[in-house]
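All remarks here apply to the structure that follows.
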Amino acid sequence: MSDSLLSAQNLGVKHGDDFVLHSVHFDIRPKEIVTVVGPNGSGKSTLIKALIGLETLATGRVQKAAGLVIGYVPQKLHIDATLPLSVRRFLSLPKRVSDAAARAVLARVGVEGIESRPLSGLSGGQLQRVLLARALLAKPDVLILDEPTQGLDQPGTAAFYLLIEEVRAETGCAVLMVSHDLHVVMSSSDRVICLNGHICCEGTPAIVSEAPEYRALFGIGTGGAFALYQHHHDHSHDPQSGACLAHDHGASSTKDTAPI
Ligand SMILES: Nc1ncnc2c1ncn2[C@@H]1O[C@H](COP(=O)(O)OP(=O)(O)OP(=O)(O)O)[C@@H](O)[C@H]1O
């Protein structure tokens, strides 16, 4: 697609002899919020890493728009508690930023005035916001977040997604994220991609949420979220070829979702 910022065709990644991702076609356009969901080990982080060049591709290719700037918020940041790294210094890695810019971006993400705090002493929610702040300093065209609310409580998670939507509205950046918070994902994404080694189904949350399958899956609290994961386990793959051996796509039977 011509206005695509970042796209992948027939993307495949192997770890050892096994395909952990295969036949993935992906694209993201300006201002879109796209969320990738799927069970543990389904290849979500691998897809993100492949898109930003941190994985060797076994098949396919990734294309970026000319001059594309990506802001990446990783799933985990291992910080040595003995490392005397302050928030302020962290924000200047790898490129030095002014005190004013650091102050402004911390205020924007809701952690004003923590410049002098050691990174290793921050709460999970504060650290996520500092990671987001650092990614925003690059003025990204695409913000990529790998499970940004892992370890946050429900209010913290909801507040973080609200912040992401505000950032998208203010800066116009596209957002690609991996999430396990399925209820929030459904309300805050333009498009949801269900991954299990390949793209099982995808569609807009508005359409997906009208589907009987969606209502069954998400209508009743966390039982719904659980059901989606059951759906993903309903089929298996040949570890050598990555081929789908048996398929039972829950939500993909709706007309606007796209089984691949
Ligand atoms: N560096 C690696 N070497 C070997 N296998 C790997 C490596 N990284 C990931 N894998 C395997 O690839 C598969 C996909 O892993 P990935 O981390 O992408 O899944 P995920 O969907 O992000 O999982 P989670 O929800 O648990 O974070 C898993 O089976 C994992 O064990």
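The values are calculated or read from the model by the stated rules, or taken from the named source; none is laboratory data. The structure displayed is predicted, hence computed values, not measured ones. Cβ placement follows ideal geometry from the backbone for every residue including glycine, while neighbour counts extend to all protein chains displayed.
In the set Thr82, Thr35, Thr46, only one residue is under 30 Å from Ser187 (Cβ atoms), of a type in the set (Ser, Thr, Tyr) and free of Cβ contacts under 8 Å to residues at least 60 places away in the same chain; that residue is Thr46. Of all residues in the range 116-146, those being assigned to a loop (DSSP other than H, G, I, E, B) and of a type in the set (Asp, Glu) number 1. Among the numbered conditions (1) under 14 Å from Val34 (Cα atoms); (2) more than 16 Å from the ligand (Cβ to nearest atom), tell me where Glu166 comes up short. Exception for Glu166: condition (1).
Note on the range 63-92: residues that are within 22 Å of Thr171 (Cα to Cα) and more than 16 Å from the ligand (Cβ to nearest atom) total 10. Somewhere in the range 147-169, is a residue in contact (Cβ under 8 Å) with a residue 40 or more places away in the chain, touching a strand residue (DSSP E or B) at 6+ places or on another chain (Cβ under 8 Å), surrounded by fewer than 19 Cβ atoms within 10 Å (Cβ to Cβ) and not small (Gly, Ala, Ser)? Yes, the range 147-169 contains a residue that is in contact (Cβ under 8 Å) with a residue 40 or more places away in the chain, touching a strand residue (DSSP E or B) at 6+ places or on another chain (Cβ under 8 Å), surrounded by fewer than 19 Cβ atoms within 10 Å (Cβ to Cβ) and not small (Gly, Ala, Ser).
If you scan the range 147-161, which residues turn out to be more than 15 Å from the chain's Cα centre (by Cα) and in a helix (DSSP H, G or I)? Within the range 147-161, Gln154, Pro155, Gly156, Ala158, Ala159 qualify. For the range 85-97, the criterion of being out of contact with any Lys or Arg (no Cβ under 9 Å at 6 or more places or on another chain) and over 19 Å from Leu136 (Cα atoms) is met by at least one residue. What about Asp181, is it surrounded by 21 or more Cβ atoms within 10 Å (Cβ to Cβ), among the charged types (D, E, K, R) and either modelled with pLDDT under 95 or in contact with a Cys (Cβ under 7 Å, 6 or more places away or on another chain) (or both)? Spelling it out, Asp181 is indeed surrounded by 21 or more Cβ atoms within 10 Å (Cβ to Cβ), among the charged types (D, E, K, R) and either modelled with pLDDT under 95 or in contact with a Cys (Cβ under 7 Å, 6 or more places away or on another chain) (or both).
Within the range 20-44, if we keep just the residues that are within 8 Å of the ligand (Cβ to nearest atom) and either under 17 Å from Gln75 (Cα atoms) or under 11 Å from the mean Cα position of the chain (by Cα) (or both), the residue that is surrounded by the fewest Cβ atoms within 10 Å (Cβ to Cβ) turns out to be Asn40. Scanning the range 45-59 for residues that are farther than 16 Å from Asp27 by Cα and either more than 9 Å from the ligand (Cβ to nearest atom) or of a type in the set (Phe, Trp, Tyr) (or both) yields Leu54, Thr56, Leu57, Ala58, Thr59.
Note on the range 49-69: residues that are outside any loop (DSSP other than H, G, I, E, B), surrounded by 14 or more Cβ atoms within 10 Å (Cβ to Cβ) and touching a residue at least 40 places away in the same chain (Cβ under 8 Å) total 6. Filtered by the rule that a residue be more than 16 Å from the chain's Cα centre (by Cα), more than 12 Å from the ligand (Cβ to nearest atom) and part of a loop (DSSP other than H, G, I, E, B), the range 1-19 gives Met1, Ser2, Asp3, Ser4.
Residues in the range 70-82 that are under 15 Å from Leu127 (Cα atoms) and either among the hydrophobic types (A, V, I, L, M, F, W, C) or crowded, with 16+ Cβ neighbours inside 10 Å (or both): Tyr72, Val73, Pro74, Leu77, Ile79, Ala81. Restricting to the range 170-184, name every residue that is touching a strand residue (DSSP E or B) at 6+ places or on another chain (Cβ under 8 Å) and closer than 19 Å to Leu106 by Cα. Correct list: Cys173 only.
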